[in-house]
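Novice: Okay, here's the structure, questions in a sec.
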Amino acid sequence: MEKFIDRVEISAQGGHGGAGAVSFHREKYVEYGGPDGGDGGKGGNIIIKADRRTAALGHIAPVRIFKAENGHPGGSRNCHGANGNDLIINVPAGTVIHTPEGSILADLNEDSGEYMCVRGGRGGKGNAHFATSRNQTPKFSQKGMEGDKADLILEIKLIADIGLVGLPNAGKSTLLSRLTKARPKIADYPFTTLTPHLGVLKLDISSQVIIADIPGIIEGAHRGAGLGIEFLRHIERTFFLFFCIDIMSEDPEKIYLMLRSELEQWSSRLAAKPFAVLITKTDSAPDSVNTVRACFPPGLQDKLFFISSSSGAGLEELKKVFYHVLELKTGQ
Ligand SMILES: Nc1nc2c(ncn2[C@@H]2O[C@H](COP(=O)(O)OP(=O)(O)OP(=O)(O)O)[C@@H](O)[C@H]2O)c(=O)[nH]1
Ligand SMILES: [Mg+2]
């Protein structure tokens, strides 16, 4: 399977401006024609554009250094050099552009969003501009200017409404495949999911919520344990989180608190999102429901849901949560 590339560092440079020309008007019987060197063309800009057909950043990674076309030099007879063509870099919607230091320059959320990351250099003026009463035959012109340069980081943040958070093997991918047409890999070993997946859950004819399945998180993930927590950025924009916890876990509340604290390490905004706690795989231990329920404090009781992706038990109950998420989404 092709690796899903969701972060690339690039160097972008606008095209160099074309040089202005040094030229003199030539015509039969006119001995001293005036200067007629045209201006150089402007260097091309680089534009990063959100494009619906682009799904990842894999096409950018091997290139890394982007340079727009240079402006063409000016010609005689006041002929203006052609401008360099702009270079367009297509990226998926949801790509954030930031500096290596982390300041966000653009957030290409909309399908048609675009951001001019570097401008091409100005073309130089031709010698026609420099004629004065004291020097009617200037033999010099301006060079074109260099294009702007920038080192940038492009990062995809998937746009989902609900994020699934849980230990590896908690049943997140199974839930996604039960609720949506997405078919992430499912297996009974940890870290089956290595890259985020989205699934679309149709609620009715006109509404849907998008669910993001991400890799599992283990204790210490913020220090790099397991697959780390970098991929949490994919659920930063969700409106709602599902903490998924296997009913067979020894201490479900401890797992819940651990997941929460790992999220907190990534961003307090992420940790503050509305959420539900989904106790998964209830078919494997139907008798444990009450014991597990009792593990959680009173304040969390109305956020607890018991589900089985295998039998479908409890999934109907989730509907009201999905409609609540829809309200959060449309009411923003
Ligand atoms: N009995 C039962 N098993 C389930 C259920 N849901 C998932 N499983 C099993 O649990 C194992 C892990 O499921 P996944 O969906 O891959 O778990 P995950 O949370 O996506 O795991 P990672 O991708 O590693 O983080 C698989 O063997 C599934 O078949 C369920 O409702 N009932
Ligand atoms: Mg998975």
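Derivation of every value follows stated rules applied to the coordinates shown; laboratory data play no part. Predicted model only: the values in this text are computed from it and were never measured. Neighbour counts are summed over all protein chains in view; Cβ atoms, including those assigned to glycine, are modelled from backbone coordinates with ideal geometry.
Novice: Would you mind calculating the relative contact order of the chain from Cα pairs under 8 angstrom and at least 6 residues apart, reporting the percent as a whole number? Show your work: numbers first, answer last.
Specialist: Working: 903 pairs, mean separation 51.0, N = 332.
Relative contact order for the chain comes out at 15 percent.
Novice: Throw me the Rg/Rh for the chain, computed over C-alpha atoms with Kirkwood Rh, two decimals. Intermediate results must be reported in sequence, preceding the final value.
Specialist: Working: Rg = 29.2 Å, Rh = 23.4 Å.
The Rg/Rh ratio comes out at 1.25.
Novice: Using the count of nearby Cβ atoms within 10 Å as a rough guide to exposure, how do SER133, SER23, SER76 rank from fewest to most?
Specialist: Arranged by neighbour count, lowest to highest, SER133, SER23, SER76 become SER133, SER76, SER23.
Novice: Please compute, over every Cα-Cα pair in the stretch 1-156, the percentage with a separation greater than 28 angstrom. Could the numbers behind the result be given before it?
Specialist: Details: 4608 of 12090 pairs.
More than 28 Å apart: 38 percent of the Cα pairs in the stretch 1-156.
Novice: Then there is this: Taking the Cα centre of each part, how many Å lie between the stretch 121-185 and the stretch 225-257?
Specialist: That distance is 32 Å.
Novice: Between GLY71, GLY299, GLY163, where does the largest GNM mean-square fluctuation fall for the chain, given springs only between Cα atoms within less than 10 Å?
Specialist: GLY299
Novice: Regarding the stretch 162-330, what's the average projected area of the Cα-atom convex hull, expressed in nm²?
Specialist: Here the figure is 9.1 nm², rounded to one decimal.
Novice: Also, quick follow-up: Name the most mobile residue of ASP148, ASP161, ASP302, meaning the one with the largest mean-square fluctuation, in a Gaussian network model of the chain with Cα contacts below 10 Å.
Specialist: Residue with maximal mean-square fluctuation among ASP148, ASP161, ASP302: ASP302.
Novice: From the phi of every residue in the stretch 284-298, what ³J(HN,Hα) in whole Hz does the Karplus formula 6.51 cos²θ - 1.76 cosθ + 1.60 yield, where θ is phi - 60° and glycine or proline is x?
Specialist: 7, 8, x, 7, 8, 3, 5, 4, 5, 4, 5, 5, 9, x, x
Novice: Would you mind telling me which residue in THR291, THR280, THR180 has the biggest mean-square fluctuation in a Gaussian network model of the chain, where springs connect alpha carbons within a distance under 10 angstrom?
Specialist: Largest GNM mean-square fluctuation: THR291.
Novice: Let me ask you something else. Let me confirm the definition first: pairs of Lys residues in the stretch 65-206, 8 or more apart or on different chains, C-alpha distance under 27 Å. How many are there?
Specialist: Total qualifying Lys-Lys pairs in the stretch 65-206 comes to 17.
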